[in-house]
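What follows is a short report on a single structure.
The values are calculated or read from the model by the stated rules, or taken from the named source; none is laboratory data. These figures come from a predicted structure and were not determined experimentally. Don't worry about glycine lacking a Cβ; one is built from the backbone with ideal geometry, like all the others, and counts go over all protein chains shown. Please note that ligands, DNA and RNA were not included when accessible areas were found on the heavy atoms of the full protein model with its side chains. Shrake-Rupley method; radii C 1.70, N 1.55, O 1.52, S 1.80 Å.
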Amino acid sequence: MGMSDEVFEVMCPDCGARIKVDPVTRSIIAHTSAPKKKTFEDFGDAARALREADARRDSLFAQSLDAQKNKDDVLAKKFAEAVKEAKKTPLAGKPLRDFDLD
């Protein structure tokens, strides 16, 4: 039950491409790409998809713009809360560092 010297063909189950392999040299001899599927059935579907993508992109941009407008207020509130927490729990003493322990 030795290996045959004939070139054999393998089909990719994922993409459908065909590959011819030489068992003696263990190399790919030929490759045939899978046929490409149509993205859209007609131009109406393609135009609708582009309009939806534009609307989604505009929505994401508007959300990003609103987040940037409120960024200063949010950071100021976070800083104020951190200062308030720091005042509640003052440091007991001098902080220990790695080289202080030797």
### Query
What residue among Pro90, Ala47, Thr32 has its Cα farthest toward the positive end of the dipole of the chain, where the charges are +1 on Lys, Arg and -1 on Asp, Glu, each on the Cβ?
Pro90
### Summary
So, with points 7 Å from each Cα along the Cβ direction, the Gln63-Phe40 label distance in nm works out to 2.4 nm
### Message
Ignoring trypsin sites (Lys or Arg not before Pro) that are buried or in helix or strand per DSSP, and keeping those with at most 10 other beta carbon atoms within 10 Å, what is the longest stretch of the chain between them?
### Response
39-96
### Solvent-accessible area, 1.4 Å probe, carbon plus sulfur percent, for the range 23-83
58 percent
### Message
Taking loop as defined by DSSP and a crowding limit of 14 other beta carbons within 10 Å, which GluC sites (Glu not before Pro) in the chain fit?
### Response
Glu6, Glu41
#### Entry: Gyration tensor verdict on the chain (Cα atoms; rounded if a/c is under 1.5, prolate if a/b is larger than b/c, oblate otherwise)
oblate
### Query
Quick one: helix 43-88 against the long Cα principal axis of the chain, what's the angle to the nearest 10°, folded into 0 to 90?
30 degrees
### Task
Note down the net charge around Lys71, summing +1 for each Lys or Arg and -1 for each Asp or Glu among other residues with Cβ under 14 Å from its Cβ.
0
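Note the count of lysine pairs whose C-alpha atoms are less than 19 angstrom apart in the chain, limited to pairs 8 or more residues apart or on different chains.
Numbers: Lys69/Lys77; Lys69/Lys78; Lys77/Lys87; Lys77/Lys88; Lys78/Lys87; Lys78/Lys88.
Lysine pairs meeting both conditions in the chain amount to 6.
May I ask for the net charge around Val10, where only other residues with Cβ less than 11 Å from the Cβ of Val10 are counted and Lys, Arg are +1 while Asp, Glu are -1? Before the final figure, lay out the partial values.
Working: positive: Arg18, Lys20; negative: Glu9.
Surrounding charge for Val10 is +1.
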### Query
What is the local net charge at Ala34, summed over the other residues whose Cβ is closer than 15 Å to its Cβ (Lys, Arg +1; Asp, Glu -1)?
+3
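Once every DSSP H run of n ≥ 4 in the chain is given -39500 (n - 2.57) and the sum is divided by its residues, what mean residue ellipticity at 222 nm do you get, rounded to the nearest 500 deg cm²/dmol? Display every interim value, and only then the final one.
Numbers: 1 runs with 46 residues, N = 102.
-17000 deg cm²/dmol, from helical runs alone.
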### Query
So what is the accessible area of the chain per residue, in Å², with the probe set to 1.4 Å?
97 Å²
### Simple spin-label estimate for Ser27 and Lys78 in nanometres, 7 Å along Cα-Cβ
5.7 nm
### Distance in nm between pseudo-label sites at Leu91 and Cys12 (7 Å out along the Cβ direction from Cα)
5.9 nm
### Task
Subtract the Cα-Cα distance of Phe99 and Asn70 from 0.36 nm times their separation in residues, and report this length gain in nm to one decimal.
6.2 nm
